[in-house]
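The values are calculated or read from the model by the stated rules, or taken from the named source; none is laboratory data. What you see is a predicted model; the values in this text were computed from it and never measured. Here the Cβ positions follow ideal geometry from the backbone for every residue, glycine too, while neighbour counts run over all protein chains shown.
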Amino acid sequence: MNGIEWRCLAFDQLSAAQLYAVLQFRSEVFVVEQACIFQDMDGADAQAIHLLGSLQGRLVAYARCFDAGRKFAEASIGRVATGAAVRGTGAGHALMRHAVDCLLQAWGAQVIRIGAQAHLEGFYRQHGFHKAGPVYFEDGIAHIEMLRSI
């Protein structure tokens, strides 16, 4: 999607305003929209690289990236979300392309594992991920692990 400004930032590079926007955005998407009560602030943000996609100064897309051994044995991408205003515009695909690039630039070429919501399996396949395990439930939502090879 055109117009989105992308930034990959380590936790200590986030300003207070950026961190607040990230937490508010994740709460809006994962807690409110998906009606899922869970502990979003899981203590892992300080070890992540945060990908922020902003449009006209407003956060509209987000993902966090981890090196191998943090969330999974492999490097990983999580908390992948786009705002309602940009869904259906290709912003989600741009987000995943940038998230993969951000991760690879930070830690080099390697396998990436994600815990994806099961209904998004087709979306993630378009980005080189393939199913790597059975369906499991996390916070009441069906998920699957997926891998992206080097």
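The table below gives the values:
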| quantity | calculated |
| --- | --- |
| One residue from GLN24, GLN18 being out of contact with any strand residue (DSSP E or B) (no Cβ under 7 Å at 6 or more places or on another chain) and either of a type outside the set (A, V, I, L, M, F, W, C) or modelled with pLDDT under 95 (or both) | GLN24 |
| Criterion (farther than 29 Å from HIS130 by Cβ and among the aromatic types (Phe, Trp, Tyr)) met by exactly one of PHE25, PHE30, PHE72, PHE11 | PHE11 |
| Answer from VAL100, VAL111, VAL60 - the residue that is in contact (Cβ under 8 Å) with a residue 40 or more places away in the chain, among the β-branched types (Val, Ile, Thr), out of contact with any Cys (no Cβ under 6 Å at 6 or more places or on another chain) and closer than 17 Å to SER149 by Cα | VAL100 |
| Cross-chain or 6+ apart pairs with Cβ under 6 Å, segment 119-144 first and closer than 22 Å to LEU104 by Cβ, then of a type in the set (Lys, Arg) | GLY128/ARG148; PHE129/ARG148 |
| Scan of segment 107-148 for residues that are in a loop (DSSP other than H, G, I, E, B) and modelled with pLDDT under 95, ordered by number | GLY133, ASP139, GLY140 |
| Residue satisfying condition, being on the phi < 0 side of the Ramachandran plot and either among the charged types (D, E, K, R) or in contact with a helix residue (DSSP H, G or I) (Cβ under 7 Å, 6 or more places away or on another chain) (or both), within set LEU95, LEU59 | LEU59 |
| Residue satisfying all of: in segment 6-38; outside any helix (DSSP H, G or I) and more than 16 Å from the chain's Cα centre (by Cα); surrounded by the most Cβ atoms within 10 Å (Cβ to Cβ) among these | LEU14 |
| Residue satisfying all of: in segment 40-90; in a loop (DSSP other than H, G, I, E, B) and among the charged types (D, E, K, R); surrounded by the fewest Cβ atoms within 10 Å (Cβ to Cβ) among these | ASP42 |
| Selection from segment 101-138 of residues that are over 18 Å from PHE72 (Cα atoms) and among the acidic types (Asp, Glu) | ASP101, GLU121 |
